[in-house]
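Peer 1: After the structure tokens below, expect a handful of questions from me.
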Amino acid sequence: DTAVSQTPKYLVTQMGNDKSIKCEQNLGHDTMYWYKQDSKKFLKIMFSYNNKELIINETVPNRFSPKSPDKAHLNLHINSLELGDSAVYFCASSLLLAGATDEQFFGPGTRLTVL
Amino acid sequence: AQSVTQLDSQVPVFEEAPVELRCNYSSSVSVYLFWYVQYPNQGLQLLLKYLSGSTLVESINGFEAEFNKSQTSFHLRKPSVHISDTAEYFCAVSITSGTYKYIFGTGTRLKVLA
């Protein structure tokens, strides 16, 4: 069974479009995250949710809006896509509230290419 | 502010040779330390972590890392690498107070050559 799953795996779209990436975890974890990994493999946290509540919101453009319908799902909606949004987006989860000691479980990633 | 530095962006090494991937961190508060591995086209997986106690921690596949508080380092080592160890390795710190989050290093690409 896949622990953290993301769809789609690849997303190619035009500048200005709106797109969503879905994430689901079946681990029973309370906390979920979105990370952005750029072309140089630099990994930066974007958002963190705990039990559907926003905990961490890093300096991310307002065009990015996370939505957590329940604690097992954290979706990422991006409006007005720009070239600079091209990256691999990873969803992750951990057992406790952004637990400092917790292992984070990562999804396989969604490669977004904006043309 | 906390930061993590991985000085080596790429490390090529021959199979069965030893390897060390370096990680240094900066923090004014106590941290927990992690190494994650990312195989091609996959997400990150935890390799090992240091929370407290013995400063030498080991993974199930032969990697080990030693926490050195005076040098603020958490270098990853393996005495004999395999082709299958080829991957991107990320060092991360988690601060122990305030808003808990990871800060990742920029990664080191380990390429094991036959």
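Peer 1: Condition first: of a type in the set (S, T, N, Q) and in a loop (DSSP other than H, G, I, E, B). Now tell me which residues in the range A:22-47 satisfy that.
Peer 2: The initial filter retains those residues of the range A:22-47 that are of a type in the set (S, T, N, Q), namely A:25-26, A:31, A:37, A:39.
Passing the criteria: A:Asn26, A:Ser39.
Peer 1: Answer yes or no as to whether B:Gln42 is surrounded by fewer than 12 Cβ atoms within 10 Å (Cβ to Cβ) and within 13 Å of another protein chain (Cβ to nearest Cβ).
Peer 2: Working: surrounded by fewer than 12 Cβ atoms within 10 Å (Cβ to Cβ): no; within 13 Å of another protein chain (Cβ to nearest Cβ): yes.
Against the criterion (surrounded by fewer than 12 Cβ atoms within 10 Å (Cβ to Cβ) and within 13 Å of another protein chain (Cβ to nearest Cβ)), B:Gln42 does not qualify.
Peer 1: Would you list the strands (runs of 3 or more DSSP E) that sit entirely within the range B:33-102 and hold 2 or more residues that are at positive phi?
Peer 2: Counting at least 2 such residues, we get no strands (runs of 3 or more DSSP E) at all.
Peer 1: OK, next. Sort through A:Leu54, A:Leu43 and tell me the only one that's without any contact (Cβ under 8 Å) to a residue 60 or more places away in the chain, among the aliphatic types (A, V, I, L, M) and open to solvent by 60 Å² or more (accessible area, probe 1.4 Å). Step through it out loud before you land on a result.
Peer 2: Details: A:Leu43 fails: open to solvent by 60 Å² or more (accessible area, probe 1.4 Å).
Of A:Leu54, A:Leu43, the one residue that is without any contact (Cβ under 8 Å) to a residue 60 or more places away in the chain, among the aliphatic types (A, V, I, L, M) and open to solvent by 60 Å² or more (accessible area, probe 1.4 Å) is A:Leu54.
Peer 1: Right, next: Looking only at residues in the range B:20-33 that are open to solvent by less than 20 Å² (accessible area, probe 1.4 Å) and at pLDDT 95 or above, which one is farthest from A:Phe42 (Cα to Cα)?
Peer 2: Of the residues in the range B:20-33, the ones open to solvent by less than 20 Å² (accessible area, probe 1.4 Å) are B:21, B:23, B:31, B:33.
Checking the rest, the ones that are also at pLDDT 95 or above come to B:21, B:23.
Numbers: B:Leu21: 17, B:Cys23: 15 Å.
Only one residue tops the list, namely B:Leu21.
Peer 1: Any idea which residue in the range B:7-32 is farthest from B:Thr108 (Cα to Cα), counting only those that are without any contact (Cβ under 8 Å) to a residue 60 or more places away in the chain and part of a strand (DSSP E or B)?
Peer 2: B:Ser26
Peer 1: Considering only residues that are over 14 Å from the mean Cα position of the chain (by Cα) and modelled with pLDDT of 95 or more, look in the range B:1-19 and name the one that is surrounded by the most Cβ atoms within 10 Å (Cβ to Cβ).
Peer 2: B:Val13
Peer 1: Taking the range A:3-30, which residues are surrounded by 15 or more Cβ atoms within 10 Å (Cβ to Cβ), modelled with pLDDT of 95 or more and of a type in the set (Asp, Glu)?
Peer 2: A:Glu24
Peer 1: Now a separate question. Residue under question is B:Leu51, and the condition is that it be within 14 Å of chain A (Cβ to nearest Cβ), within 20 Å of B:Ser28 (Cα to Cα) and either surrounded by fewer than 17 Cβ atoms within 10 Å (Cβ to Cβ) or in contact with a Cys (Cβ under 9 Å, 6 or more places away or on another chain) (or both); does it hold? First the steps, then the outcome.
Peer 2: On the way: within 14 Å of chain A (Cβ to nearest Cβ): yes; within 20 Å of B:Ser28 (Cα to Cα): yes; either surrounded by fewer than 17 Cβ atoms within 10 Å (Cβ to Cβ) or in contact with a Cys (Cβ under 9 Å, 6 or more places away or on another chain) (or both): yes.
So B:Leu51 fits the description; yes.
Peer 1: Give me the pairs: first residue in the range A:62-79 and touching a residue at least 40 places away in the same chain (Cβ under 8 Å), second residue surrounded by 13 or more Cβ atoms within 10 Å (Cβ to Cβ) and β-branched (Val, Ile, Thr), beta-carbon distance under 9 Å, and six or more apart or on different chains, which are they?
Peer 2: A:Lys71/A:Thr31; A:Asn75/A:Ile21; A:Leu76/A:Ile21; A:Leu76/A:Thr110; A:His77/A:Ile21; A:Ile78/A:Ile21
Peer 1: Something else about it: When the residues of the range B:66-90 are filtered to those that are closer than 25 Å to A:Pro108 by Cβ and touching a Leu at 6+ places or on another chain (Cβ under 8 Å), which remaining residue is surrounded by the most Cβ atoms within 10 Å (Cβ to Cβ)?
Peer 2: The selected residue is B:Phe90.
The values are calculated or read from the model by the stated rules, or taken from the named source; none is laboratory data. None of these values were measured; they are calculated from a predicted model. Reconstructed Cβ throughout: ideal geometry from the backbone, glycine too, with neighbour counts over all protein chains shown. We work out accessible area using only protein heavy atoms, side chains counted, and drop any ligands, DNA or RNA first. Shrake-Rupley method; radii C 1.70, N 1.55, O 1.52, S 1.80 Å.
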